[in-house]
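Worksheet: one structure, shown below.
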Amino acid sequence: MKRVLMICAIITVLTTVGIVWVLFSESYTFFQHVSIWDFLTDTEWSPLSTNKHFGILPLLSGTLLVTAISMSIAVPMGIIIAIYLSEYAPKKFRYYIKPLLEILASIPTVVYGFFALTVVTPFLQNYIPNLAGFNALSAGLVMGIMIIPMISSLSEDALYAVPKSLREGAYGMGSTRLQTSFNVILPAASSGIIVSIILAFARAVGETMIVTVAAGNMANLTADPRETVATITAFIVNMSSGDVQQDSIEYQTIFAAGVTLFVFTFILNSVSFYIKKRFQEKYD
Amino acid sequence: MEKLSIKEKKLEAINLNVFYGAKQVLKDVNIAIKANTVTAFIGPSGCGKSTFLRTFNRMNDYVEGFRKEGDIIVDGKDIYQKMIRVEELRKKIGMVFQKPNPFPKSIFENVAYGLKIQGIKNKKLIEETVEKSLKQSALWDEVKDDLKKSALSLSGGQQQRLCIARALALEPSILLMDEPASALDPISTAKIEDLIWELKQKYTIVIVTHNMQQAGRISDNTAFFYMGDLVEYDETKKIFTNPEKERTQNYITGRFG
Ligand SMILES: Nc1ncnc2c1ncn2[C@@H]1O[C@H](COP(=O)(O)OP(=O)(O)O)[C@@H](O)[C@H]1O
Ligand SMILES: [Mg+2]
């Protein structure tokens, strides 16, 4: 039995190492054709046109734009729901609503994508002129809704775990429920909440189907949510599903984009890890 | 025990019955507590001391199944009346718990908390109050140079004195203490006892304690509870030397509980 477990562990590690190796070796060939400087500073991404440009910035900005929109929905909503469930809702209600919320997270993301494309975008077009058929806004909003339960569920666990004695301390000094929630319970649970936000962020950056379906596939250096954009993930999907010749420079862009995503999430995780540690020092 | 005039009564329970669901935990309790005294609640575990203490600032409101009959009077007012704002009531009545429970904030923020939730923004006033409260709770000299440090970095005894300072910052007239020294070492306990002695000048203090010697040392009056009954309530001297009831005598001398 011990052997079997050992082999499983080794397979997992080898797979990971293999993925990273392929990623970096393929991009190595890519970076022999395109300098890293051009890759990071060129403001155009057009690997398939005759006048080829390989600047990652438009894909990066597309990714960040959609992620920012989704987080601006998911963070406040997720935390408010968590506070409501932990501090206000009757026990029964909490018991039933939590699994229900988690269902939101188990809907296939392609369904969210089509929901964004065929329901949200046409609806928003009534109010926002110049909203493109494929746009960052709808994709971001719907992704935000999808991510809410990730934040609310983990944050609620963190809030609920705050000792009863702290609540009593706050109530005993004449705090209202709202004051207790925001001034005492929320800071006490902050490290857990930050973790939930980090995980949600990572999920948003890596999310693929919603953006592929609803945000379009046009590398576009913009901060305007009404426009069509392409994220790194959406580009990878589109490029891999098209018929590009293996070992061509077009094919290798997939790996260059993949490496960018990898490095990007890696930096994010490190930063958040650092923040998390600092908060923990402060609070427990 | 001397009869108190209406004006002298700070806290009063009249025909109080308390239930958790179907279980009755306090039975027809009557008590009147004089201002600026220290009153100790003693009795075996589970006899209802904490429950009784918590009726005076309505901390039982959140307990599922809690129900009471009879009245609790604070400063001449029935505090379970509809028109009473429980948050206002609790600002007048400080509470210190068995386990120190400082907020996960700095020492300064802990003491300033009560003022801040009242919307007080005046920095100077807040700073003065923090200093005054920490001095009152005999913690100032130990922490004055690192008020920005996390309250959780303090020792247990310091944390408990911080919790007292936090309560004092609201300038209450009553302090409810539920076994405030039971989790502390002897030196910290002695400090808390000295402190209670000092605070008596300005506050009406009710303290639940398991420790008979402690009750004897610090209180003016003692109430002995047994299984939800207030068996005897009298001057501490009398309770400890010449109690009326045999049950009290047995408890004091350590024959049970
Ligand atoms: N939240 C609660 N729900 C139900 N019963 C409780 C609760 N708190 C205390 N009790 C019961 O009420 C009785 C009195 O408890 P308590 O006031 O804590 O006693 P003491 O402080 O004297 O030890 C005990 O029998 C205890 O089990
Ligand atoms: Mg108790």
Is it true that A:Leu159 is farther than 16 Å from A:Val213 by Cβ, of a type outside the set (S, T, N, Q) and open to solvent by less than 10 Å² (accessible area, probe 1.4 Å)? yes
Please determine whether any residue of the stretch B:31-38 is within 9 Å of ligand 1 (Cβ to nearest atom) and on the phi < 0 side of the Ramachandran plot. no
Residue that is farthest from ligand 2 (Cβ to nearest atom), among those in the stretch B:165-199 that are in contact with a Pro (Cβ under 8 Å, 6 or more places away or on another chain) and within 12 Å of chain A (Cβ to nearest Cβ): B:Arg166
Please pick out the residue among B:Ala169, B:Ala138 that is surrounded by fewer than 19 Cβ atoms within 10 Å (Cβ to Cβ), closer than 29 Å to B:Asp75 by Cβ and among the aliphatic types (A, V, I, L, M). B:Ala138
Would you check if B:Asn110 is surrounded by 20 or more Cβ atoms within 10 Å (Cβ to Cβ) and assigned to a loop (DSSP other than H, G, I, E, B)? no
Can you tell me which residue within the stretch B:115-138, out of those that are within 9 Å of B:Ala165 (Cα to Cα) and either of a type in the set (Gly, Ala, Ser) or outside any helix (DSSP H, G or I) (or both), is nearest to the other protein chains (Cβ to nearest Cβ)? B:Ser133
Only one of B:Arg58, B:Arg90, B:Arg67 that is of a type in the set (Lys, Arg), more than 16 Å from ligand 2 (Cβ to nearest atom) and over 15 Å from B:Leu176 (Cβ atoms): B:Arg67
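Assess whether B:Val231 counts as being within 16 Å of ligand 1 (Cβ to nearest atom), open to solvent by 10 Å² or more (accessible area, probe 1.4 Å) and touching a Ser or Thr at 6+ places or on another chain (Cβ under 8 Å). Step through it out loud before you land on a result.
Working: within 16 Å of ligand 1 (Cβ to nearest atom): yes; open to solvent by 10 Å² or more (accessible area, probe 1.4 Å): yes; touching a Ser or Thr at 6+ places or on another chain (Cβ under 8 Å): yes.
For B:Val231, the condition - within 16 Å of ligand 1 (Cβ to nearest atom), open to solvent by 10 Å² or more (accessible area, probe 1.4 Å) and touching a Ser or Thr at 6+ places or on another chain (Cβ under 8 Å) - is met.
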Residue satisfying all of: in the stretch B:47-66; touching a residue at least 60 places away in the same chain (Cβ under 8 Å) and near ligand 1 (Cβ under 6 Å from one of its atoms); farthest from B:Gly76 (Cα to Cα) among these: B:Cys47
Quick check on B:Ala112: is it more than 16 Å from ligand 2 (Cβ to nearest atom) and at pLDDT 95 or above? yes
Here are some conditions: (1) within 16 Å of ligand 2 (Cβ to nearest atom); (2) at negative phi. B:Ile117 meets all but one. Which one does it not meet? (1)
If only one of B:Lys144, B:Lys123, B:Lys116, B:Lys149 is open to solvent by 40 Å² or more (accessible area, probe 1.4 Å) and under 18 Å from A:Gly172 (Cα atoms), which one is it? B:Lys116
Among B:Val96, B:Val38, the single one that is more than 16 Å from ligand 2 (Cβ to nearest atom), under 17 Å from the mean Cα position of the chain (by Cα) and crowded, with 22+ Cβ neighbours inside 10 Å is B:Val38
Failed item in (1) within 25 Å of the chain's Cα centre (by Cα); (2) under 18 Å from A:Phe235 (Cα atoms); (3) among the acidic types (Asp, Glu), with A:Glu102 passing the rest: (2)
The stretch B:2-35 - residue that is over 25 Å from B:Ser173 (Cβ atoms) and more than 16 Å from ligand 2 (Cβ to nearest atom) and, of those, surrounded by the fewest Cβ atoms within 10 Å (Cβ to Cβ): B:Ala22
Index of the failed condition, B:Ile120 passing every other in (1) modelled with pLDDT under 95; (2) closer than 25 Å to B:Glu179 by Cβ; (3) touching a Ser or Thr at 6+ places or on another chain (Cβ under 9 Å): (2)
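The values are calculated or read from the model by the stated rules, or taken from the named source; none is laboratory data. Every value quoted in this text rests on a predicted model; they were computed, and no experiment measured them. Positions of Cβ are generated from backbone atoms using ideal geometry, with glycine treated the same way; all protein chains shown enter the neighbour counts. For the accessible areas, the whole protein counts, side chains as well, though only heavy atoms, and no ligand, DNA or RNA atoms are used. Shrake-Rupley method; radii C 1.70, N 1.55, O 1.52, S 1.80 Å.
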